[in-house]
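Here's the structure we're looking at; comments come further down.
The values are calculated or read from the model by the stated rules, or taken from the named source; none is laboratory data. Just so you know, these numbers come straight off a predicted model, no measurement behind them. A quick note on method: Cβ atoms are made from the backbone with ideal geometry, for glycine too, and the neighbour counts reach across all protein chains shown. Only protein heavy atoms, including side chains, enter the accessible area calculation; ligands, DNA and RNA are left aside. Shrake-Rupley method; radii C 1.70, N 1.55, O 1.52, S 1.80 Å.
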Amino acid sequence: KKKATKKKEQKSEQEFINGYRAAFAMIYQRHEYATAIAKLKSLGHDDNPDVANLIGYSSRKLGRYDDSQVWYERALAADPKHTRTWSYYGMWHAEQGNLLKARDYLAKVASLCGTKCREYTELKGVIEGTRVY
């Protein structure tokens, strides 16, 4: 009985990984944000900071700023040190015209991963208006 439960957990974990990877590709390669959101929600791991962050990012790309905010905050509640979420949420603030808050988030990202990490340079570029993400 224990072996069957363990196999089911492994299968379930592998299904989650496969589903997450599929949604990731939908977002970053094909820009199928709405489809990716549905896929991510179907995984049943809304409390996973990576999942919540990707839903937030996709919602932001669709212009659903209220939804995006909810998901970014959910990701940070699950992992307060989730650097990618701090960066994306900073971009959210920059897009809303709140550069002061975006700079606060940039400082948070710097405290987590320094000023050379991708999350920092991307957010800094968005704040400076030299890149869109």
Residue-normalised accessible area of the range 20-73, given per residue in Å² at a 1.4 Å probe: 49 Å²
Can you run phi through the Karplus equation (6.51, -1.76, 1.60; θ = phi - 60°) for the range 115-124 and list ³J(HN,Hα) in whole Hz, with x for Gly and Pro? 9, 9, 6, 4, 4, 5, 5, 5, 5, 4
Relative frequency of Cα-Cα separations exceeding 18 Å in the chain, percent: 56 percent
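Okay, helix-only estimate at 222 nm for the chain: each DSSP H run of n ≥ 4 adds -39500 (n - 2.57), divide by all residues, round to 500 deg cm²/dmol; what do you get? Don't skip to the end; give the middle numbers.
Numbers: 7 runs with 103 residues, N = 133.
Mean residue ellipticity, 222 nm, calculated: -25000 deg cm²/dmol.
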FRET efficiency estimate (nearest 0.05) - Cβ-Cβ, residue 22 to residue 111, R0 30 angstrom: 0.35
Placing +1 on the Cβ of each Lys and Arg and -1 on the Cβ of each Asp and Glu in the chain, which of 37, 110, 123 has its Cα farthest towards the positive end of the resulting dipole? 37
How do 119, 15, 95 stack up against each other in accessible area, from largest to smallest, with a 1.4 angstrom probe? 15, 95, 119
How high is the relative contact order of the range 49-100, in percent, with contacts defined as C-alpha pairs under 8 Å that are six or more residues apart? 34 percent
For the range 22-35, Karplus-derived ³J(HN,Hα) couplings (6.51, -1.76, 1.60; θ = phi - 60°; whole Hz; x for glycine and proline) come out as 5, 5, 4, 5, 4, 6, 8, 9, 10, 6, 9, 5, 5, 5
Could you please state how large a percent of the accessible area of the chain is carbon and sulfur, counting protein chains only and using a 1.4 Å probe? 50 percent
Inter-centroid distance (Cα atoms) of the range 101-127 relative to the range 29-78, Å: 20 Å
Let me check something: with ligands and nucleic acids excluded, how do 84, 74 order by accessible area (1.4 Å probe), largest to smallest? 74, 84
